[in-house]
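Below is one structure; the comments refer to it alone.
The values are calculated or read from the model by the stated rules, or taken from the named source; none is laboratory data. This structure is a prediction, so every number in the text was calculated from the model and none was measured. Glycine also receives a Cβ, built like all others from the backbone with ideal geometry; neighbour counts cover every protein chain displayed.
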Amino acid sequence: MCPIAKSFGTVERHWVDILIVRALCMNGIPFNILRNPGFLAMLKGVNQAPKDYKPTSFDRARTTLVDECQREIEKELTPVKDTWTTHGTSIVYDGWTNVKRQPLINVVASNSSGSMFMYAKDFTGHEKTGTNIAKFLLESIVEVGSSNVLQVITDNATNSKSTRKEIEKEINTLRL
């Protein structure tokens, strides 16, 4: 190995890059994760971990650690949620199909203080009727508080018109 390559760790860096790409491919993880700030923070944490660090167990990751992560994220979202009553919020809905051809619906709450992903639902086995979509959207409207919702923004699918009518009917019932 030439002294210059050795001094900059070029070969070692390349080998780590190969290991990362292999792990992504083996697990079907999209390459755009390499742009994700959370992924970069994880790598920084691993680099600063004790020399004998081993990743957590599967069971611990999917139980106590994921619960702790959820609590941390909820704390971070509190400032945005606190503005819902003073600034109001928009509920943004989008239906789409993923690469596995599964029909999905995403819901985001958004106002001048920021946007917050609320829910996603796999609609496989459910018809995307106005009534079914309205029931799903009403969960987020209830969480935000119906009096705090300024508008519901939908995509331009044909079922959006009946979704709007269903939501308006339910909102009027909630506000009475």
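When V21 is tested against (1) modelled with pLDDT under 95; (2) over 17 Å from the mean Cα position of the chain (by Cα); (3) among the β-branched types (V, I, T), only condition (1) is not met.
Have a look at E12, E76 and point out the one that is acidic (D, E) and within 22 Å of the chain's Cα centre (by Cα).
Just one listed residue meets the conditions, E76.
Can you work out which of the residues in region 57-93 that are assigned to a helix (DSSP H, G or I) and aromatic (F, W, Y) is nearest to I133 (Cα to Cα)? Filtering first and then ranking leaves W84. Report whether or not S115 is polar (S, T, N, Q), over 30 Å from G28 (Cα atoms), at pLDDT 85 or above and out of contact with any Gly (no Cβ under 6 Å at 6 or more places or on another chain). No, not satisfied.
Of the residues that make up region 100-111, is at least one among the hydroxyl-bearing types (S, T, Y), within 24 Å of I73 (Cβ to Cβ) and modelled with pLDDT under 90? For region 100-111, residues among the hydroxyl-bearing types (S, T, Y), within 24 Å of I73 (Cβ to Cβ) and modelled with pLDDT under 90: absent.
Annotation: of all residues in region 139-162 being farther than 26 Å from S113 by Cβ and part of a helix (DSSP H, G or I), the one that is nearest to the chain's Cα centre (by Cα) is S160. Screening the candidates K135, K128, K121 for the property of being charged (D, E, K, R), under 16 Å from the mean Cα position of the chain (by Cα) and closer than 18 Å to T163 by Cβ yields one hit, K121.
Taken over region 94-133, the criterion of being in contact with a Lys or Arg (Cβ under 8 Å, 6 or more places away or on another chain) and either outside any strand (DSSP E or B) or charged (D, E, K, R) (or both) is satisfied by G130 alone.
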